[in-house]
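> Below is a structure I'd like to ask you about.
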Amino acid sequence: MAQDGLHERLHDVYEEVTRRNAGEIEFHQAVYEVLTSLGPVVDKHPEYSDTAIIRRLFEPERQIIFRVPWIDDTGAEQINRGFRVEFNSALGPFKGGLRFHPSVYLGIVKFLGFEQIFKNSLTGLPIGGGKGGSDFDPKGRSKNEVMRFCQSFMTELYRHIGEYTDVPAGDIGVGGREIGYLFGQYKRITNRYESGVLTGKGLTWGGSQVRTEATGYGTVFFVDEILRSTGQSFDGKQVVVSGSGNVAIYAIEKVQALGGTVVGCSDSSGYIVDEKGVDLELLKELKEVRRGRISEYAETRGGAARFVENESIWQLPCDIALPCATQNELDGDDAKALIASGCQVVAEGANMPCTPEAVKLFAEAKVAFAPGKAANAGGVATSALEMQQNASRDSWTFEETEQRLAEIMGRIHDRCLSTADEYGQPGNYMAGANIAGFIRVADAMSALGVV
């Protein structure tokens, strides 16, 4: 192995990726993270030793960029850019969310789509990896503006998707409201009710129970498995959750249900501290109904909670940290603070929220670290369960669907651990997730030929 963590046979692969995808730093980071785990695979499996299949895995099957024109409430014309990166379909139709946020550009979408390949592979379900979105910002826009944007976005996207081709879902900025507008336009254009073309739908029009809760619940189920493997539980554990959107809210809900205490959460303006435990109903009303700022939580709770403006939530001491906001939100300094406070487990509820330096520090300190491709796979797993219900014209109960989600997360946990052991990395969830996800996809790609 080379000093920089890359196997000597993989240096050229990484250099080629960075050269062919110049300036896409998030994508480079995601690729590097996977490559650092694949050295033992290259040594053990001669069929991968020429690295050709690895190079092919890092090149998307299709990258779609399109113009999204729409009219705002003042009558002015607005122009945004839309993306869909269909990365790998060796295991099944492309599957992955749509993100509407000003930071979205091709590099973000490719990083997310690349992560999605491994995440979907780890579920064991027949779904490939893809991702999409736009630099449109729904924050501050009226309901009608969001609807007009979504309709324009789908007017181009519809020709590239389908239940056997590519099945988008939600992500940051794309919730049930946006999925509804997107599906309505798809139905209007195609003149058919193809409910399996999008997931995250409302329960009255093809959606699945637990889909709203799935990513947050799944992350906590994964942590519960980590704790069980060491004879522990959530009882008495102090937990910090970054973010206050969908993933964070339902991670908080499940932590509390399992006996933990969530003492803080955040948004882009800062974080709140509530030592007795976050009031979940107040948080839901604030974020899901009023779409307010996290500072309003502290104002409503009075002396029971306090708001800390424009600082990192990871300065809060905790036993378990769940970064559920956005990529690269937890850096090396944050990791040092968590380690010093005695943090035992870090699990990524968001996509790649921990920087490489933070991940390295957690490994050195023997903090159990669960990467997003494993820990937050519950969302896409339940999306696949939604697709299954759509295909069979069926609808499952909340309890049945939650049980299936818990079982899937348990299998992902066990697969990560056993794979890490097999390749000489005991207890390394990052290595286990990357290797297990890679081998399943690579074997399928090999079986399908050079396509």
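The values are calculated or read from the model by the stated rules, or taken from the named source; none is laboratory data. Bear in mind the structure is a predicted one, so any value in this text is a computation, not a measurement. Note: ideal-geometry Cβ built from the backbone for every residue, glycine included; neighbour counts use all protein chains shown. All accessible areas refer to the heavy atoms of the entire protein, side chains included, with ligands and DNA or RNA removed. Shrake-Rupley method; radii C 1.70, N 1.55, O 1.52, S 1.80 Å.
> Calculate what fraction, in whole %, of the accessible area of the range 263-358 sits on carbon and sulfur atoms when a 1.4 Å probe is rolled over the protein chains.
Details: 1810 of 3950 Å².
Carbon and sulfur: 46 percent of the exposed surface of the range 263-358.
> Plugging the Kirkwood radius over Cα pairs into Stokes-Einstein for the range 201-318, at a temperature of 25 °C and a viscosity of 0.890 mPa s, what D comes out in µm²/s? All intermediate terms of the calculation are to be shown ahead of the outcome.
Values: Rh = 14.8 Å.
The Stokes-Einstein estimate is 166 µm²/s.
> On average, how much accessible surface per residue is there in the range 145-274, in Å², for a 1.4 Å probe, leaving out ligands, DNA and RNA?
On the way: 4390 Å² over 130 residues.
Result: 34 Å² of accessible area for each residue.
> Taking every pair of distinct Cα atoms and averaging 1/r, then inverting, what Kirkwood hydrodynamic radius in Å comes out for the range 93-210? Provide the component values of the computation, followed by the final result.
Values: mean 1/r = 0.0693 Å⁻¹.
By the Kirkwood definition, the hydrodynamic radius is 14.4 Å.
> Let me ask another. With just the Cα atoms defining each centre, how far is the range 272-327 from the range 1-62? Give it in Å.
Their Cα centres are 39 Å away from one another.
> Here's a follow-up. What list of ³J(HN,Hα) values in whole Hz, one per residue of the range 297-309 in order, does the Karplus curve 6.51 cos²θ - 1.76 cosθ + 1.60 (θ = phi - 60°) give from phi, with Gly and Pro shown as x?
4, 5, 4, 6, 7, x, x, 6, 9, 9, 10, 10, 8
> In whole Å and largest first, what semi-axes does the C-alpha gyration tensor of the range 1-117 yield when each eigenvalue is scaled by 5 and square-rooted? Let's see the in-between values first.
Working: eigenvalues 238, 44, 22 Å².
So the equivalent ellipsoid measures 35, 15, 10 Å along its semi-axes.
> If you wrap a convex hull around the Cα atoms of the range 290-332, how much volume per residue is inside, in Å³?
On the way: hull volume 5.0 nm³, N = 43.
With only Cα atoms used, the range 290-332 gives 117 Å³ per residue.
> Quick one: Kirkwood hydrodynamic radius for the range 357-406, alpha-carbon pairs, angstrom, one decimal? Kindly include the intermediate steps, with their values, before the conclusion.
Details: mean 1/r = 0.0762 Å⁻¹.
About 13.1 Å, per the Kirkwood formula over Cα pairs.
> Take peptides 266-272, 17-23 and line them up by average Cβ neighbours within 10 Å, highest first, as a rough protection proxy.
Details: 266-272: 20.0, 17-23: 13.4.
Per-residue Cβ counts within 10 Å, averaged per peptide and sorted highest first, yield 266-272, 17-23.
> Taking a temperature of 37 °C and a viscosity of 0.692 mPa s, what whole-number D in µm²/s does Stokes-Einstein yield for the chain with Rh from Kirkwood over alpha carbon pairs? Provide the component values of the computation, followed by the final result.
Numbers: Rh = 22.1 Å.
My calculation gives 148 µm²/s for D.
> What is the spread of the Cα atoms of the range 225-287 along each of their three principal axes, largest first, in whole Å?
Rounded to whole Å, the extents work out to 37, 21, 19 Å.
> Order these peptides, 235-243, 38-46, by their mean beta-carbon neighbour count within 10 angstrom, highest first. Kindly include the intermediate steps, with their values, before the conclusion.
Details: 235-243: 22.1, 38-46: 16.9.
Averaged packing, sorted descending, gives the order 235-243, 38-46.
> A further question follows. So how exposed is Ile53, as accessible area in Å² (1.4 Å probe, rounded to 10)?
20 Å²
> May I ask for log10 I(q)/I(0) of the range 400-451 at q = 0.13, 0.28 Å⁻¹, from a Debye sum over the Cα atoms as equal point scatterers with solvent left out?
For the range 400-451, the Cα-only Debye profile gives -0.41, -0.92.
> Expected output is a single nm value to one decimal: the length gained when fully extending between Arg81 and Asp235, i.e. 0.36 nm times separation in residues minus the C-alpha distance. What is it? Intermediate results must be reported in sequence, preceding the final value.
Numbers: separation 154, 0.36 × 154 = 55.44 nm, distance 4.66 nm.
Extra length from Arg81 to Asp235 when fully extended: 50.8 nm.
> Run lengths n ≥ 4 of DSSP H only: what is the helix-derived mean residue ellipticity at 222 nm for the chain, with -39500 (n - 2.57) per run over all residues, to the nearest 500?
Numbers: 17 runs with 203 residues, N = 451.
So the helix-based figure for the chain works out to -14000 deg cm²/dmol.
> So how far, in whole Å, is the C-alpha centre of the range 379-396 from the one of the range 349-367?
Each part's Cα centre sits 32 Å from the other's.
> In addition: How far, in nm, would the chain grow between Asp43 and Arg228 when pulled straight, counting 0.36 nm per residue and subtracting the alpha carbon separation?
On the way: separation 185, 0.36 × 185 = 66.60 nm, distance 3.24 nm.
Length difference between fully extended and current span is 63.4 nm.
> Using the Kirkwood radius over C-alpha pairs as Rh, can you work out the diffusion coefficient of the range 326-442 via Stokes-Einstein at 37 °C, viscosity 0.692 mPa s, in µm² per second? Intermediate results must be reported in sequence, preceding the final value.
Working: Rh = 15.5 Å.
It diffuses with D of about 211 µm²/s by this estimate.
> How large a share of the accessible area of the range 167-230, in percent, is made up of carbon and sulfur atoms when the probe is 1.4 Å and the other protein chains stay in place? Please list the in-between numbers first.
On the way: 1020 of 2290 Å².
The C+S portion of the solvent-accessible surface of the range 167-230 is 45 percent.
> Would you work out what percent of the accessible area of the range 1-152, with all protein chains in place, is carbon or sulfur (probe 1.4 Å)? Let's see the in-between values first.
Working: 2840 of 6050 Å².
Solvent-exposed carbon and sulfur of the range 1-152 make up 47 percent of the total.
> Also: Using alpha-carbon positions, what is the distance between the centroids of the range 67-97 and the range 121-148, in Å?
Centre-to-centre (Cα) distance: 8 Å.
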